[in-house]
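Here's the structure we're looking at; comments come further down.
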Amino acid sequence: MVQDDRREFQRLKLPRPIMALADGHDALLLDVGVAGAFVEHHGQIEPGSEFRLTFRWQGEELEFLCEAVRSQIVRPSADKQAVIVHTGVRFIDSSDATKRHLQEMMATFVGRVLAAQRANASGDHQSEALLGMIGDARRSRSRGYLRYQLQHGTWTREATSSSKQPVNGFTVAAFEDEEELETLCRAYENADEEGRGLIRLVAELSALEAKR
């Protein structure tokens with residue numbers, strides 16, 4: 001059940017859990033994505049229940065109104081409040097500042113993963129900096145999206161009205177800078193399957209900005 005939930009949300013597995021609060025109670029943030037997160041906490045939460053999830057990153061507090069999608073007990077206990085549970089949650093609402101900080105956080109982690117997969121140090125820093133800019137809401141907006149697909153070693157680019165991420169490439173908002181996207185294509189080519197999935201995840205952040 002939990003694995004299905006992870007695929008649904010296209011989440012990034014954090015290198016180490018982040019301390020969090022679920023309605024004021026101690027919790028751990030294990031995975032995070034554009035649409036939701038994967039949280040460890042005490043006590044069961046019924047599917048459909050709503051609660052506040054709060055955590056800090058680089059000195060900034062991020063708070064989301066969440067809906068529990070599904071839960072799984074990972075450490076049973078006779079005391080119902082003492083059981084340890086893993087819950088997949090969907091983000092329902094958050095402030096613009098929280099959305100921006102989430103974007104920066106995910107771009108940073110993805111950039112580090114991609115950097116670790118590459119041998120060229122200068123290329124590593126370029127990838128991390130680029131991912132930090134993808135989806136920047138402060139840019140001038142253009143309507144629609146751009147879909148980049150890699151087929152037989154060649155990239156195709158097309159305008160589209162769908163934000164759906166392709167299996168063999170990525171989709172971003174049409175307002176992204178063309179030169180930066182060409183660099184992202186090179187990073188995608190050099191990444192393994194995990195890295196490519198992470199690039200699509202950050203591209204999804206860009207696509208969400210185009211909807212606002």
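A short reminder: the numbers here are calculations on the coordinates, not readings from a lab. As the structure is a computational prediction, the values presented were derived from the model and not from experiment. Cβ: placed from backbone, ideal geometry, glycine included. Neighbour counts: every protein chain shown.
Of the peptides 162-168, 102-108, 75-81, the ranking by mean beta-carbon count within 10 Å, highest at the top, reads 102-108, 162-168, 75-81. Residues L62, L14, arranged from fewest to most other Cβ atoms within 10 angstrom of their Cβ, appear as L14, L62.
In this simple spin-label model, placing a label point 7 Å from the Cα along the Cα-to-Cβ direction at both E50 and A82 gives a separation of 3.3 nm.
Each other residue within a Cβ distance under 14 Å of L62 adds +1 if Lys or Arg and -1 if Asp or Glu, for a net charge of -2.
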